[in-house]
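Some notes on the structure that comes next.
The values are calculated or read from the model by the stated rules, or taken from the named source; none is laboratory data. Everything numeric in this text was worked out from a predicted model, so none of it was measured. So basically every Cβ, Gly included, is an ideal-geometry build from the backbone, and we count neighbours across all protein chains shown. Ligands, DNA and RNA are stripped out before the accessible areas are found, and what is left, the full protein with its side chains, is counted by its heavy atoms. Shrake-Rupley method; radii C 1.70, N 1.55, O 1.52, S 1.80 Å.
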Amino acid sequence: MSGIFIRKAVGMMSERPGEFFRRVIPAILIPLIGMIAILLAFSFNLKSAALEKFLNGAESPYAVLAAYDQWYGALAAIGKAGLVVMAVCCLAAVLIGRKSPIAIILAIVFSLIGVLVSQIMGVVEDIPGKRAMLQADMEQIEGARLESKEVRFKKSEDRSGLSGIYVEGEPALFSVYSGIGDDTGHRWEDFYMLDSLELMPDEGRWYNENKSIEWNEENAELYRVTYTTNFKVVVSVEAR
């Protein structure tokens, strides 16, 4: 099928070059320009600079989660705007090439590709899924329905952005501490603590992996940590 269109387009270019450049080329270029605009918009908003604008001034766990949710909301809006952009591009291309069936078909095909591109970005980034998780954690904080575990922390120098969300150059807002205890099934679990809240455990009483469990139970500080379910963002840490 595509070979037939290509042969017809080549034939038109050689036999009726004026009509080809007046109708077929715009039918291809206009949707391509729309597609490129959508990709550039996604590319810009997936950079850390765009995320930092939403995070500016966010210091509490709720505010940070809300900032990420707003950032994903902006990405979702680009996807929706992409549908409108490609519809307008398709209409413009069809109107210009309306006297050429080949131009009309090419305009529709390239516009559909643009629609697919605008929507597949949201699927790749799992925007709906990430927003649902963020909003669930925000509701936990609002309703004081947080997870709670008693753990002992080991010393950690890891820093990270929000767990499970990767943006090149993303600001490392969190110190990541691994905790272990009866509540974790004696397996290490990571907890994300905002530096702005100064929730860090006592530096002198870390869990020592080179010592026995009995030694750590006597010497390592036991903490009750409350945190959100999906992103393990810590809201409070209290020594027991």
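Below, the figures for the structure above:
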read-out: The range 135-240: radius of gyration over Cα atoms, expressed as a fraction of 2.2 N^0.38 Å; value: 1.08
read-out: Mean separation of Cα contacts under 8 Å, 6 or more apart, over the residue count of the chain: relative contact order %; value: 19
read-out: Semi-axis lengths, Å, the chain, gyration tensor of Cα atoms, sqrt of 5 times eigenvalues; value: 56, 16, 13
read-out: Share of Cα-Cα pairs in the range 92-162 lying beyond 14 Å, as whole percent; value: 78
read-out: Cα gyration tensor shape of the range 122-166, rounded if a/c is under 1.5, else prolate or oblate by comparing a/b with b/c; value: oblate
read-out: Solvent-accessible area per residue, Å², over the chain with all protein chains present [probe radius 1.4 Å]; value: 54
read-out: Leading residue at positive end of dipole, the chain (Cβ point charges), from G129, N210, L39; value: L39
read-out: P(r) of the range 107-148 over all Cα-Cα pairs, binned every 10 Å from zero, in whole percent; value: 25, 28, 22, 14, 9, 2
read-out: Most to least packed among 210-222, 115-127 [average Cβ atoms within 10 Å]; value: 115-127, 210-222
read-out: Dipole moment magnitude, nearest 20 debye, the chain about Cα centre, only Lys, Arg, Asp, Glu C-beta charged; value: 2240
read-out: Candidate aspartates and glutamates - alpha carbon under 15 Å from K99, same-chain residues fewer than 8 apart omitted; value: E19
read-out: Estimated [θ] at 222 nm from DSSP helical runs (n ≥ 4, -39500 (n - 2.57)) normalised by residues in the chain, nearest 500; value: -18000 deg cm²/dmol
read-out: Of K47/K155; K47/K149; K154/K232; K130/K154; K80/K232; K149/K211, those spanning more than 27 Å from alpha-carbon to alpha-carbon; value: K47/K155; K47/K149; K130/K154; K80/K232
read-out: Farthest positive-ward along the range 91-240 dipole, Cα basis, beta-carbon charges - from L173, I102, W188; value: I102
read-out: Sulfur and carbon atoms: percent of accessible area, the chain [1.4 Å]; value: 58
